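These notes concern the structure reproduced below.
Coordinate-derived values only; no laboratory data. What you see is a predicted model, and the numbers here were worked out from it, not measured in a lab. All Cβ positions, glycine included, derive from the backbone under ideal geometry; neighbour counts span all protein chains shown.
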Amino acid sequence: MPIDPREPADEYDYIVVGAGSSGCALAARLTRDASRRVLLLEAGGMDRHPMIHVPLGFAFLMKNPSVNWCYRTEPEPQLHWRRIDWPRGKVVGGSSAINGMVYIRGQREDYDAWAADGNPGWSFNELLPFFIRTEHNTRGASELHGTGGGVWVDEVGPRLDATDLFIQAGVSTGLAHNPDFNGPVQEGIGRFQVNVRRGVRQTAATHFLKPALRRANLHLLTRALVTGLDIEGDRVTGLRYAKGKETRHVRARHAVVLSGGAINSPQILELSGIGRREILERVGIQLRHALPGVGENLQDHLTVNIQQGLRHTETFARHTTPMALLGNILKWAISREGLLTHPACQAGAFFRSSPEVERPDSQIHYTPAAGRTDERGNMVTVPGTTATVCHLRPESRGSVHLRSAAPDYAPAIRANYLATEADRRATINAVRRVREIFASPVLDHFRDEELRPGRFCQSDEDILEFIRREAQSVYHPVGTCAMGSGEDAVVDHRLRVHGLEGLRIADASVIPRIISGNTHALCCVIGEKAADMLVEDER
Ligand SMILES: Cc1cc2nc3c(=O)[nH]c(=O)nc-3n(C[C@H](O)[C@H](O)[C@H](O)COP(=O)(O)OP(=O)(O)OC[C@H]3O[C@@H](n4cnc5c(N)ncnc54)[C@H](O)[C@@H]3O)c2cc1C
């Protein structure tokens with residue numbers, strides 16, 4: 001994608017902040033009508049880093065500040081006061097440029113609950129046309145799937161034997177084989193579908209933005225950090241952003257739309273004096289508009305790795321000797337094939353953590369790879385496999401708030417993982433269920449030692465201790481500018497910020513309750529739906 005050489009104008013119809021999953025979908029849809037002028041501001045640069053495009057390259061981007069905000073939580077009380085890494089994309093494409101590429105929509109009931117909570121238009125049946133319209137599923141169109149949309153959905157590339165064994169093992173323990181987790185039923189075990197097209201990662205930028213950038217009415221400005229909103233009375237009239245050492249102002253005729261993601265959208269609101277008085281006063285910002293829910297209601301999925309040693313079967317270990325790696329690099333460079341086309345995981349499962357639960361509340365991400373740290377502190381691959389398991393509908397709620405009035409200062413993220421007994425219980429049960437799969441007779445010939453947590457970890461107390469010591473984020477933060485009509489809601493069901501004209505939010509932050517699955521597909525839908533609503537409201 002070439003950098004747009006034009007100087008930005010003083011005024012646009014819409015200004016979209018953040019070229020991530022939602023922002024790219026939104027900007028692309030809005031600019032279909034050539035009369036509508038849109039400025040898209042992105043704090044990061046263009047997606048030139050080669051590892052963005054190599055699917056397995058995601059591992060090199062997890063701590064890379066050239067494309068990643070590299071956030072960390074505050075010390076987490078229930079995780080032995082560990083700080084947890086929260087990578088977020090800071091690049092055109094946003095977090096979809098560094099994510100795991102797994103395509104999951106969540107469960108019908110997730111959305112029906114949003115609608116029942118007073119958000120008309122957000123039930124599953126009402127969102128399904130958006131999922132279908134955004135999708136290009138290589139399996140073809142059906143009642144539940146689309147073709148011709150921007151989000152490329154394909155099978156996982158290299159098929160390793162250990163994955164088939166894992167699926168067979170899961171089936172032997174009572175899970176149904178599920179060939180389509182976005183089909184009529186999510187529960188079961190099977191291969192994921194992923195956002196990889198012919199061996200190359202597909203991001204929201206490649207899906208939506210790249211084709212739209214040919215339009216003269218879309219102006220993308222990169223390395224432009226939005227530092228606050230311009231507010232006149234109860235109307236947001238534009239915003240200010242830093243480009244290099246300069247601060248510039250730009251006006252929006254219809255609306256500013258924040259698509260900065262679950263950390264940065266509430267940050268921009270607070271920097272602009274929108275939020276809770278005591279939080280703003282603490283950092284010396286004057287309250288302009290009281291909205292106590294800003295930055296509250298933070299939810300995420302917490303995951304823990306169970307690693308099982310395997311022998312007599314094909315895992316990553318066979319492909320990661322120096323010679324094999326070189327071969328794989330050449331293979332990708334020449335034909336976009338081989339191990340490097342591998343996304344974060346190959347297969348997964350959705351299951352209930354206990355028989356009392358009505359629908360799946362746990363998810364496994366499965367990779368036929370395992371690692372350990374060697375004497376020099378380097379990660380080395382060993383013959384084995386990893387099932388990382390998370391509880392999908394945690395009760396725990398955290399927050400994200402300013403620590404400083406400086407716009408380039410990372411906010412304080414308090415995920416507050418495992419704050420309730422129910423969350424701890426469900427996670428312990430989920431670990432036990434993964435071990436049940438690994439204990440299946442299907443694996444008897446192949447099973448080696450359990451690498452993590454290891455055979456001495458058996459009681460509930462031991463398992464909880466293992467979770468506290470090792471659990472990490474699945475990187476699905478949502479909910480910090482929640483949609484709704486209650487006191488703590490930040491936007492209404494049309495994504496308008498309560499009490500202010502000319503300001504909307506469209507990204508993961510508006511999700512009122514976390515969904516039972518990964519969040520990129522939904523964020524694309526939020527961007528698309530926001531665009532439709534903006535156009536409707538223009539009329
Ligand atoms: C490592 C990782 C793995 C993941 N794996 C998966 C997966 O396998 N499947 C899945 O479905 N989901 C996955 N997710 C989650 C998913 O990618 C995100 O939920 C989704 O991309 C969030 O979209 P968004 O539009 O809310 O924000 P983002 O995509 O994060 O976009 C926000 C954009 O706004 C920009 N921005 C922020 N602040 C400013 C500012 N002040 N000025 C200008 N620009 C700004 C950011 O730089 C960024 O480009 C993963 C996420 C991560 C980080």
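Cβ-Cβ distances below 6 Å connect the following pairs, each with a first residue in segment 253-265 that is more than 7 Å from the ligand (Cβ to nearest atom), a second residue that is part of a helix (DSSP H, G or I) and of a type outside the set (Phe, Trp, Tyr), and a separation of six or more residues or different chains: Leu258/Ser265; Leu258/Ile268; Ser265/Ser509. Scan segment 445-462 and tell me whether some residue there is surrounded by fewer than 24 Cβ atoms within 10 Å (Cβ to Cβ), closer than 30 Å to Ser21 by Cβ and of a type in the set (Phe, Trp, Tyr). Taking every residue of segment 445-462 in turn, none turns out to be surrounded by fewer than 24 Cβ atoms within 10 Å (Cβ to Cβ), closer than 30 Å to Ser21 by Cβ and of a type in the set (Phe, Trp, Tyr). Of the residues making up segment 59-92, those that are within 15 Å of Leu302 (Cα to Cα), among the charged types (D, E, K, R) and either within 10 Å of the ligand (Cβ to nearest atom) or crowded, with 20+ Cβ neighbours inside 10 Å (or both) number 2.
Has segment 429-449 got at least one residue that is more than 16 Å from the ligand (Cβ to nearest atom), polar (S, T, N, Q) and farther than 24 Å from Pro343 by Cα? Checked against the condition, which is being more than 16 Å from the ligand (Cβ to nearest atom), polar (S, T, N, Q) and farther than 24 Å from Pro343 by Cα, segment 429-449 yields at least one hit. Within segment 395-441, the residues that satisfy the criterion of being part of a helix (DSSP H, G or I), among the aliphatic types (A, V, I, L, M), out of contact with any Gly (no Cβ under 6 Å at 6 or more places or on another chain) and buried (at least 19 other Cβ atoms within 10 Å of the Cβ) are Ala426, Ile428, Ala430, Val431, Val434.
Taking the residues in segment 38-58 that are buried (at least 21 other Cβ atoms within 10 Å of the Cβ) and not hydrophobic (A, V, I, L, M, F, W, C) as candidates, determine which candidate is farthest from Ala344 (Cα to Cα). That would be Glu42.
Consider Gly100 carefully, then state whether it is near the ligand (Cβ under 10 Å from one of its atoms), closer than 21 Å to Gly23 by Cβ, touching a Cys at 6+ places or on another chain (Cβ under 9 Å) and in a loop (DSSP other than H, G, I, E, B). Criteria met by Gly100.
Kindly check whether there is at least one residue in segment 395-417 that is in contact with a helix residue (DSSP H, G or I) (Cβ under 6 Å, 6 or more places away or on another chain), acidic (Asp, Glu) and either within 26 Å of Pro158 (Cα to Cα) or free of Cβ contacts under 8 Å to residues at least 40 places away in the same chain (or both). Scanning segment 395-417, I find at least one residue that is in contact with a helix residue (DSSP H, G or I) (Cβ under 6 Å, 6 or more places away or on another chain), acidic (Asp, Glu) and either within 26 Å of Pro158 (Cα to Cα) or free of Cβ contacts under 8 Å to residues at least 40 places away in the same chain (or both), so the answer is yes. Candidates Arg359, Arg372: the one that is in contact (Cβ under 8 Å) with a residue 24 or more places away in the chain and in a loop (DSSP other than H, G, I, E, B) is Arg359. For Asp180, the conditions (1) surrounded by 23 or more Cβ atoms within 10 Å (Cβ to Cβ); (2) in a loop (DSSP other than H, G, I, E, B) are fulfilled apart from (1).
Before we move on, is Glu109 away from the ligand (no atom under 14 Å from the Cβ), within 24 Å of His476 (Cα to Cα), part of a loop (DSSP other than H, G, I, E, B) and not aliphatic (A, V, I, L, M)? Walk me through how you get there before you give the answer.
On the way: away from the ligand (no atom under 14 Å from the Cβ): yes; within 24 Å of His476 (Cα to Cα): yes; part of a loop (DSSP other than H, G, I, E, B): no; not aliphatic (A, V, I, L, M): yes.
When the stated conditions are applied, Glu109 does not pass them.
Restricting attention to segment 18-67, which residues are among the hydrophobic types (A, V, I, L, M, F, W, C) and within 16 Å of the chain's Cα centre (by Cα)? Lay out the reasoning, then the answer.
Filtering segment 18-67 down to residues among the hydrophobic types (A, V, I, L, M, F, W, C) leaves 19, 24-28, 30, 34, 38-41, 43, 46, 51-52, 54, 56, 58-62, 67.
If the condition is that a residue be among the hydrophobic types (A, V, I, L, M, F, W, C) and within 16 Å of the chain's Cα centre (by Cα), then Ala19, Cys24, Ala25, Ile52, Phe58, Ala59, Leu61, Met62, Val67 are the ones that fit.
A count restricted to segment 397-452 and to residues that are among the basic types (Lys, Arg) and either within 20 Å of the chain's Cα centre (by Cα) or under 20 Å from Trp81 (Cβ atoms) (or both) stands at 4.
Does Val525 meet the test of being aliphatic (A, V, I, L, M), in contact (Cβ under 8 Å) with a residue 40 or more places away in the chain and within 25 Å of Asn182 (Cβ to Cβ)? Yes. Report whether or not Ser35 is in contact (Cβ under 8 Å) with a residue 60 or more places away in the chain and within 8 Å of the ligand (Cβ to nearest atom). Considered against the rule, which asks whether it is in contact (Cβ under 8 Å) with a residue 60 or more places away in the chain and within 8 Å of the ligand (Cβ to nearest atom), Ser35 comes out as no. Evaluated against (1) within 30 Å of Lys63 (Cβ to Cβ); (2) surrounded by fewer than 21 Cβ atoms within 10 Å (Cβ to Cβ); (3) not acidic (Asp, Glu), Ala471 falls short on exactly one condition, (2).
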